[in-house]
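See structure below.
The values are calculated or read from the model by the stated rules, or taken from the named source; none is laboratory data. Since the model is a prediction, treat every value here as computed from it, not as a measurement. In this analysis, Cβ positions are derived from the backbone assuming ideal geometry, glycine residues included, and neighbour counts consider all displayed protein chains. These accessible areas exclude ligands, DNA and RNA; they are computed on the full protein's heavy atoms, side chains included. Shrake-Rupley method; radii C 1.70, N 1.55, O 1.52, S 1.80 Å.
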Amino acid sequence: MTTTLLLLLLAAAAAVLAGDYLLRRLAWHRMGTRARSQAERIVEEARQTAAHRVREAELSAEEQKARRVREAEESARARQEEAERLEEDLRQRQAGLEQEGAALARRRKELEEQAAGLERRRLGLERRDADVAARETSVAARLEEVAGLSRQEALERLRAEIAAEARARAQEDAARALEEARAGLDARLKEMTARGLQRLRIGGFVESTVSIIRLPSDDMKGRIIGREGRNIRSIEMTTGIDLIVDDTPGTILISSFDPLRREVARVAIERLVEDGRIHPARIEELVEKTRAEMDQLIDETGETAAFELGIQELQPRLVRLLGQLKYHTAQGQNLLQHCRETADLAGALAVELGLPPEVPRRAALLHEIAQAAGERLAAPSILASGEMAVRHGESRAVQQAIAAAHPDVTPRDVDGALVRFACRLSRSRLGARKHNLEVFISRQRRLEALAASLPGVRAAHVFRAGKELRVVVDSEKMSDQEAVALSREITSRIRREVDTPGEIRVSVLRETRAVDFAL
């Protein structure tokens, strides 16, 4: 019984151990399966991660490659631009060196010619000295034999004859050399003058008495004239010009002897055309606005003239005076155009002589600024211009060069001589001056000044090429009867004081305006 129980216990223990073993094997199998699945999943994830990282590395490599290519292209482009800039600098330097080389070659040729001439003169003098010595010996011997003179007396007489002959020949040689030098100098001066005139920029700044305005269409002419001509009358009375509207397509003309009035009228009309609102009130508003802006336009004109000539560091007052020269004439020649021509010529001549062109060009541009100052001058305009330039920061060298342009002043240096010569060239060139126009403009100014000097006159303008004088009076200070008397007084004074070639119509306008505002 005990043995049986023991066997059963052993069998039960064996069964328990076998079940436990089987359970453990099953658990191990399941764990192995899960481990293999997890390993396969890890391997797959590692493979995907590696593939992703490979793709990222490839993309990063491509981006780096593209960035490096762009950087290389930008670097190559920058180097190409730098190389082009250096090549352009080298080209300019080479051109400058070629010009300097040509000038040096010309100078060397001149020096060689002078040296050759001196060598020829030296050889001629040596031959002459030999001839003189031979003649002296022969003459001395002959004198001693024939005249019975002593050697000392013969030598003194021979020296006197030889000295007289040498002086005569020296004078002939000096006169011949002076004539050759003068001929060569004249030829070179003509050549330099011709080259300077070829470089001269000749162009009109303003017309003599007429300005042209282009219109977008012919319909604009009717709007400028206005109903019953009220717009054109307002323009003429406000600006003091003649407005000519004819059959010329797309064009109207502004006529006045005063360039400043023409410029104000031209700018105001162009703004009216652009704005489209054309009526008397708008006309007066734009004309007053344009007059207020003329200072800026004058400054821009002076700055442009100085910039085109390469002149810098001008004082604002001098720039303003240069711009005002555009609206001044002398014997029909525009003063700003004359000053620019003179500066161009003076600079070109200085370059031809191998001299620095800054001082003559600067002095030539400023030599008429006193005429734009609007003040009574105690000295001639050119001398006053020099003094005015010094007061506004210019050097004494510039003042002396300006003064040299006056006919009564002797130039002290080459710069002054160049300015004087260039000024004469600009004044004497064909078509530069119009004396008849100067007389005409002077007559129109006298007519306006005569009328404006009378009491009660607010404005006076000449129209129709000097055939009509319109006088605007203050309605508060003058009655209708006094306006009639004023017209008679003006006509009487014109007959006595102004030399007029024909009939002049005098119109005295007295206008009353009532202005009120509704709020």
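Taking just the alpha carbons, could you work out the radius of gyration and Dmax for the range 222-288, both in angstroms?
Rg and Dmax of the range 222-288, Cα atoms, are 10.9, 30 Å.
Counting C-alpha atoms alone, how compact is the range 287-348: give Rg to one decimal and Dmax as a whole number, in angstrom.
Looking at the range 287-348, its Cα Rg and Dmax stand at 12.5, 42 Å.
Quote the accessible area belonging to residue 221 in square angstrom, nearest 10, computed with a 1.4 Å probe and with ligands, DNA and RNA left uncounted.
About 20 Å², ignoring ligands and nucleic acids.
Provide the solvent-accessible area of residue 2, counting protein heavy atoms only and rolling a 1.4 Å probe, rounded to the nearest 10 Å².
Estimated to the nearest 10 Å², residue 2 gives 110 Å².
Compute the signed sum of charges (Lys and Arg +1, Asp and Glu -1) over the other residues within less than 9 Å, Cβ to Cβ, of residue 343. Intermediate values should be presented prior to the final figure.
Numbers: positive: 340, 361, 362; negative: 341, 344.
Surrounding charge for residue 343 is +1.
Work out from phi, with θ = phi - 60° and the Karplus expression 6.51 cos²θ - 1.76 cosθ + 1.60, the ³J(HN,Hα) of each residue of the range 303-309, listed in order in whole Hz, and give x for Gly and Pro.
So the Karplus estimates, Gly and Pro as x, are 5, 5, 4, 5, 5, 5, 8 Hz.
Counting only C-alpha contacts under 8 Å and six or more residues apart, can you give the relative contact order of the range 253-341 as a whole percent? If you can, show how the numbers build up before the last one.
Working: 63 pairs, mean separation 20.0, N = 89.
Averaging sequence separation for qualifying contacts and normalising by length gives 22 percent for the range 253-341.
What list of ³J(HN,Hα) couplings, whole Hz, do you get for the range 267-281 from phi and the Karplus terms 6.51, -1.76, 1.60, once you set θ to phi - 60° and write x for glycine and proline?
Here the 3J(HN,Hα) series is 5, 5, 5, 4, 5, 5, 4, 5, 6, x, 8, 10, 7, x, 5 Hz.
Which of the peptides 31-40, 450-459 is most tightly packed, and how do the rest follow, judged by the mean count of other Cβ atoms within 10 Å per residue?
450-459, 31-40
Using only Cα atoms, locate the centre of the range 375-423 and the centre of the range 231-271, then give the distance between them in Å, rounded to an integer.
Value for the Cα centre distance between the two parts: 38 Å.
Taking θ = phi - 60°, what integer Hz values does the Karplus form 6.51 cos²θ - 1.76 cosθ + 1.60 yield along the range 479-489, in sequence order, with x for Gly and Pro?
Going residue by residue, I get 8, 5, 5, 5, 5, 5, 5, 5, 4, 5, 5 Hz, with x marking Gly and Pro.
Within the range 330-369, what whole-number % of the accessible surface is contributed by carbon and sulfur, with the 1.4 Å probe and all protein chains included in the calculation? Write down the numbers at each step before the final one.
Values: 510 of 930 Å².
That fraction is 55 percent.
Local charge sum around residue 66 (other residues, Cβ-Cβ under 15 Å, Lys/Arg +1, Asp/Glu -1)?
Working: positive: 65, 67, 68, 70; negative: 58, 62, 63, 71, 73, 74.
Taking every other residue near residue 66 into account, the sum is -2.
If I compute solvent accessible area with a 1.4 Å probe over the protein chains, what percent of it on the range 3-69 is carbon and sulfur? Each step should come with its number before you reach the end.
Numbers: 3820 of 6000 Å².
Carbon with sulfur: 64 percent of the solvent-accessible area.
Roughly to the nearest percent, how much of the accessible area of the range 215-271 is carbon and sulfur, given a 1.4 Å probe?
Working: 1200 of 2470 Å².
Carbon plus sulfur share of accessible area: 48 percent.
Taking only protein heavy atoms and a 1.4 Å probe, what accessible area per residue, in Å², does the range 17-139 have with all protein chains in place? If you can, show how the numbers build up before the last one.
Working: 11010 Å² over 123 residues.
Computed with neighbouring chains in place, this is 90 Å² per residue.
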